[in-house]
There are 2 protein chains.
Amino acid sequence: MLCLQHFTGTLDNWDPAVMDALASQRELILFDNAGVGRSSGTVPNTIAGMAAHVFAFLDALGIATCDVLGFSLGGMVAQQMVLDRSSVFRRMILVGTAPRGGEEIMHLEKPRLARFLQDRTLHGYEVLSRLFFTLTPTGQAAGAAFVQRLSQRTDDLDRPSGQEVAAAQMAAFREWEQFTGERFGELKRIMQPTLVVNGVSDEMIPVRNSYMLSENMPKAVLLTYPDAGHGSLFQYHEAFSHQAATFLESESAPY
Amino acid sequence: MLCLQHFTGTLDNWDPAVMDALASQRELILFDNAGVGRSSGTVPNTIAGMAAHVFAFLDALGIATCDVLGFSLGGMVAQQMVLDRSSVFRRMILVGTAPRGGEEIMHLEKPRLARFLQDRTLHGYEVLSRLFFTLTPTGQAAGAAFVQRLSQRTDDLDRPSGQEVAAAQMAAFREWEQFTGERFGELKRIMQPTLVVNGVSDEMIPVRNSYMLSENMPKAVLLTYPDAGHGSLFQYHEAFSHQAATFLESESAPY
């Protein structure tokens, strides 16, 4: 299963609680797209440009078909890829993401998000904990546990993403909000069994974007989690890993 | 697990594919409310009135706490019950239903529904197949299989519901659409782990009502199925039975 990462995320941003659980049953491929982490090149400013790099990567590895876990930005790249080359994916898991023509995608200028991004008392992953998890005691406890898990590994880390990465990826989000022709029409062509996952309180990419996906993709099952934000898969890592594995193993659709 | 039935439904409307699967692991209680099937009395014209009858039934059996599967009308009764007596349910499964203050609940006058209800060439369960399942080949094939499963048992059947049952239950739907105070505010008091299930193409109680439930109930997980209508639990009986059993067995929330 190919794993496509979120805005500014590198290999180091995958939660080991989720990846180790999934990797116990299948091979995972974690991928830094062009210009991210230790991948050379320039970050494209469109989702289509990012998809082209992933195709080059898969082709170089000789992988014709795989499963995909696309989180946030990565879920958009996964959608673009399956529309460009429908045979590329067997099954898809799309977490905290949005279709082309989606709404309120990563508007970091919103006060709810900006206040943490501009708070100079928050360091490192503390910002991520505020952005990815609800502000309830349960949400913030899950956020702290997530940060602790991410911090376990200290060797061989990726180069953190800077402003250039962020600017290009942000431009890609703005372009992805645009659509021509029938809104969500292209989703109806995606015949892959798909598991769509979101937290109901996602402030970065609101849950209604997941409703748009599941209402328009012919074989999409939607799963939402309570008291959870953008990082719902990390907050409920046990439940998510179990649901994802069941979905991937199932011969039927839905699972 | 107490099972609370849909509009005009009797014990005979529970799909054996779902009930047998669930009953293999736990005791199920199927219940005809007052005035329905072979239960004596008069059908209340409010959800609260129906909830009172279920309490009398549970109290008579000496059941203080149980799980509940509430489908459509039955899901509204379950919500009213847990608000009236919070200890009554351990875990809740709410399928194809709506919160108080929900929208477009069972408006059978809508052309999409009325055309089947008024079609005199359709007999018996043929109407149910059109109302509960999508009109795609897959949906109608699932509907035909459902009708065949319901028709297997021919002995010891309940009295079918007539116009009096329908009129009182319809009045209860209209009352349930009304709300005072903070909309969905009472949902925030329901602390039971809850699994909310719906088909994305439910014309009888649109899926956005399930979004209202899962966005406002503190411990609700939402599961939606593609190419499915009001009878999503019967269409995907294997997937639903598996998900329901996993949810009921889980010690964590969400599961």
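A few notes on this one:
- Residues B:Ile205, B:Ile47 in ascending order of nearby Cβ atoms (within 10 Å, fewest first): B:Ile47, B:Ile205.
- Charge dipole (Cα centre; +1 on Lys/Arg Cβ, -1 on Asp/Glu Cβ; no other charges) of the range B:48-160 amounts to roughly 220 debye.
- Sparse-neighbourhood loop sites, trypsin sites (Lys or Arg not before Pro) in the range A:149-200 - DSSP loop, at most 14 other Cβ within 10 angstrom: A:Arg153, A:Arg183
- Percent of Cα pairs exceeding the 21 Å cut-off, where the set is the range B:1-151: 49
- Label point 7 Å beyond Cα along the C-beta direction, distances from A:Asn45 to other copies (nm, shortest first): 6.5
- Long-range lysine pairs (8 or more apart or interchain), the protein assembly as shown, Cα under 30 Å: 7
- When chain B is described by a simple charge dipole with +1 on each Lys and Arg Cβ and -1 on each Asp and Glu Cβ, the residue from B:Leu233, B:Leu222, B:Ala60 located farthest towards its positive end is B:Leu222.
- Kirkwood hydrodynamic radius of the protein assembly as shown, Cα pairs, Å: 24.0
- Computed FRET value (nearest 0.05) for A:Arg189 with A:Leu108, which takes r as the C-beta separation and R₀ as 25 Å: 0.20
- Estimated from helices alone, the mean residue ellipticity of chain B at 222 nm is -12500 deg cm²/dmol (sum of -39500 (n - 2.57) over DSSP H runs with n ≥ 4, per residue).
- Amide H contacts of A:Phe7 (H built 1.01 Å from N, in plane; Pro and chain starts excluded): A:Leu73, A:Gly74 sit under 5 Å, all sequence-distant by 5 or more or on other chains.
- Cα-centre dipole for the range A:98-255 with unit charges at Cβ (Lys and Arg positive, Asp and Glu negative), debye to 20: 220
- Cβ-vector label at 7 Å, A:Leu157, separations to other copies in nm: 7.0
- Sorted from nearest, the other copies put their B:Arg26 label points 2.9 nm away, the label point being 7 Å from Cα in the direction of Cβ.
- Loop-located GluC sites (Glu not before Pro) in the range A:95-126 whose Cβ has at most 10 other Cβ within 10 Å (DSSP): A:Glu109
- Rounded is the label for chain B, because the ratio a/c of its alpha-carbon gyration tensor axes (a ≥ b ≥ c) stays below 1.5.
- Charges were assigned to the Cβ only: +1 to each Lys and Arg, -1 to each Asp and Glu. The resulting dipole of the range B:175-246 about its Cα centre is roughly 320 debye.
- Working value for the range B:158-255: equivalent-ellipsoid semi-axes of 25, 21, 13 Å, each the square root of 5 times a Cα gyration tensor eigenvalue, largest first.
- Peptide A:223-233 has a mean of 4 when you count, residue by residue, the C-beta atoms of other protein chains within 10 Å of its C-beta.
Throughout, read-outs are computed from the coordinates displayed, never taken from laboratory work. Note that the structure is a prediction, hence the values are computed from the model and not measured. A quick note on method: Cβ atoms are made from the backbone with ideal geometry, for glycine too, and the neighbour counts reach across all protein chains shown.
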